[in-house]
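Data block below; observations after.
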Amino acid sequence: MIDKTGRKLSGKEIIMKANGRIQNVFLEFELFVLHLVGCVPLHCFRRFFYRLAGMKIGRGSAIHMGARFYDPKNIIIGEDSIVGERAVLDGRDKLLIGNHVDIASEVMIYNSEHDVQSEDFPAVNSPVVIEDYVFIGPRAIILPGVKIGKGAVIGAGAVVTKDVDSMNIAGGVPAKLISERKVDNLHYKLGRASWFR
């Protein structure tokens, strides 16, 4: 047997590839089920199944309808955080979302990408960290390896390719510093999420 590059595989490599393929099929099925769960308009129902899939979701946090996931077991969400409708949360590496984080609708957070400079085009994973009190505007994209500091704001539609320091406001493609938050002591709570979203 040969692989997709034409290299002959040993018996051990064949077994490892078959095992990996079976695991991927189960993961894809789990993600499909979570997609269906994401269409049910009850937060407690969705949270139950997301936690069952291995996601850690803090007290008072909510994920609105239509969210998509890649390997949820690596996703950790703190307390009192809200993830908007149709967000994409990538768990192929660690995704850490802090407390009181507001992630708007259709935000995409990725921690896996392809190495476009490699002949083999392999996947490269790198964790994403979003600290407390961050606001990420609608349709922003956060790319692998990015850390967004406490209290930072990411503008709508921004593509974040590099770290954003605490209390900075960043926007654009690629995201750049626009301004800074002029608040000394963040201590707000986001409150409850809408019931049927």
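Readers should treat all values here as calculations from the given coordinates under stated rules, not as data from a laboratory. Just so it is clear, the structure is predicted and the values come from calculations on it, not from any experiment. Note that we place each Cβ from the backbone using ideal geometry, even for glycine, and neighbour counts take in every protein chain shown.
Side notes on the structure shown:
- Most positive-pole-ward Cα, 25, 149, 49, against dipole of the chain from beta carbon charges: 49
- Inter-part distance where region 174-197 and region 7-35 are each reduced to a Cα centre, Å: 40 Å
- The DSSP beta bridges internal to the chain are antiparallel in roughly 20% of cases.
- Beyond 24 Å in Cα-Cα separation lie the following of the pairs 147/182; 56/147; 94/182; 17/73; 4/94; 73/176: 94/182; 4/94; 73/176.
- Computed over the Cα atoms of region 11-180, the ratio of the radius of gyration to the Kirkwood radius (Rg/Rh) comes to 1.01.
- Under Karplus coefficients 6.51, -1.76 and 1.60, residue-wise ³J(HN,Hα) of region 100-108 in Hz, glycine/proline x: 6, 8, 10, 10, 6, 5, 6, 6, 10
- When the chain is treated as a Gaussian network with alpha carbon springs shorter than 10 Å, the biggest mean-square fluctuation among 182, 56, 12 belongs to 12.
- Debye, to nearest 20: dipole size of region 11-180, +1 on Lys, Arg Cβ, -1 on Asp, Glu Cβ: 460 debye
- Sorting the segments 156-168, 73-85, 183-195 by their mean number of nearby beta carbons within 10 angstrom, highest to lowest, gives 73-85, 156-168, 183-195.
- Computed on the Cα atoms alone, the convex hull of region 54-124 gives a volume of 82 cubic angstrom per residue.
- Anisotropy class of region 42-90 from Cα gyration tensor, a/c 1.5 cut: rounded
- With the charge dipole of the chain set up from +1 on Lys and Arg Cβ and -1 on Asp and Glu Cβ about the Cα centre, the Cα lying farthest toward the positive end among the listed residues 35, 97, 159 is that of 35.
- Leading residue at positive end of dipole, the chain (Cβ point charges), from 170, 63, 87: 63
- Point-charge dipole on Cβ atoms (K/R +1, D/E -1) for region 1-50, about Cα centre, debye to 20: 180 debye
- Distant-in-sequence amide contacts of residue 53, defined by a placed amide H-H separation under 5 Å and a gap of 5 or more residues or a different chain, comprise nothing.
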